[in-house]
1. Right, Leu16: assigned to a helix (DSSP H, G or I), under 15 Å from Asn59 (Cα atoms) and within 21 Å of the chain's Cα centre (by Cα) or not?
2. Can you list residue pairs whose Cβ atoms sit under 9 Å apart, with the first residue in the stretch 17-37 being at pLDDT 85 or above and surrounded by fewer than 16 Cβ atoms within 10 Å (Cβ to Cβ) and the second being polar (S, T, N, Q) and in a helix (DSSP H, G or I)? Count only pairs 6 or more apart in sequence or on different chains.
3. If you check every pair at least six apart or on different chains, which have Cβ atoms under 7 Å apart with a residue in the stretch 65-83 that is modelled with pLDDT of 75 or more and part of a helix (DSSP H, G or I) first and a residue that is of a type outside the set (S, T, N, Q) and surrounded by 11 or more Cβ atoms within 10 Å (Cβ to Cβ) second?
4. Being out of contact with any helix residue (DSSP H, G or I) (no Cβ under 6 Å at 6 or more places or on another chain) and assigned to a helix (DSSP H, G or I) is the filter; apply it to the stretch 25-41 and report the residue that is farthest from Leu7 (Cα to Cα).
5. Being assigned to a strand (DSSP E or B) and free of Cβ contacts under 8 Å to residues at least 12 places away in the same chain, is that true of even one residue in the stretch 119-142?
6. With respect to Leu109, is the statement that it is outside the structural domain of Glu123 (by TED's automatic domain parsing) and either surrounded by 14 or more Cβ atoms within 10 Å (Cβ to Cβ) or among the acidic types (Asp, Glu) (or both) true?
7. Is it true that Tyr42 is modelled with pLDDT under 85 and not small (Gly, Ala, Ser)?
8. Being surrounded by 12 or more Cβ atoms within 10 Å (Cβ to Cβ) and of a type in the set (S, T, N, Q) is the filter here, so list the residues in the stretch 38-65 that pass it.
Amino acid sequence: MAFIIILIAVGIVLILAEILLVPGVGVAGILGLVSLGGSCFYAFHEFGQTAGTIVTVVNVVLLIGLTIYVLRAKTWKKLALNTNIDSKIQFFDEKKLAVGDTGVAMTRLAPMGTVRIDGNMYEVKSLEGIINTGDEVEVAMIEDNKIYVKQVEKDF
């Protein structure tokens, strides 16, 4: 009888894992159903019709209970990610910023980063590779609310 209980427990755990962890019709769900079916078969084969019927009814009740539990909205709210996106779109006045303006890289541009131009901070993209913090940059292009910069060549 302990083997039947183990098969039922393994079947329920595998089906629950299939529903919550790896959705879709996969190996865990199929193995869970095979385990539950095996518990019914084993009960009928070893203990007779009465025990087999009881195990089958228990399996059906457990599956219905599991289905009701999974379909409740509160179950999915516990599993859902509840974070808010609080980032902002960068808006800048294109009249204040023009191609050729220079500034200093405040973060490493690999290729995205922050640059200070005329006392204002802008999120920019490097046109040519990585630009290190503190390097002087020049606005190369402004396109679709995006600022592209290149490193200013240093004369020695």
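The values are calculated or read from the model by the stated rules, or taken from the named source; none is laboratory data. Just so it is clear, the model here is predicted, and its values are computed rather than measured. With ideal geometry, Cβ positions are generated from the backbone for all residues, glycine too; neighbour counts draw on all protein chains shown.
1. yes
2. Taking only residues 6 or more apart or on different chains, the pairs are Gly37/Asn59.
3. Pairs found: Leu66/Ile12; Leu66/Ile15; Leu66/Leu16; Val70/Ile19.
4. Filtering the stretch 25-41 for residues that are out of contact with any helix residue (DSSP H, G or I) (no Cβ under 6 Å at 6 or more places or on another chain) and assigned to a helix (DSSP H, G or I), the one farthest from Leu7 (Cα to Cα) comes out as Val27.
5. no
6. Considered against the rule, which asks whether it is outside the structural domain of Glu123 (by TED's automatic domain parsing) and either surrounded by 14 or more Cβ atoms within 10 Å (Cβ to Cβ) or among the acidic types (Asp, Glu) (or both), Leu109 comes out as no.
7. No; evaluated as a whole, the condition is false for this residue.
8. Ser39, Thr53, Thr56, Asn59 - these are the residues of the stretch 38-65 that are surrounded by 12 or more Cβ atoms within 10 Å (Cβ to Cβ) and of a type in the set (S, T, N, Q).
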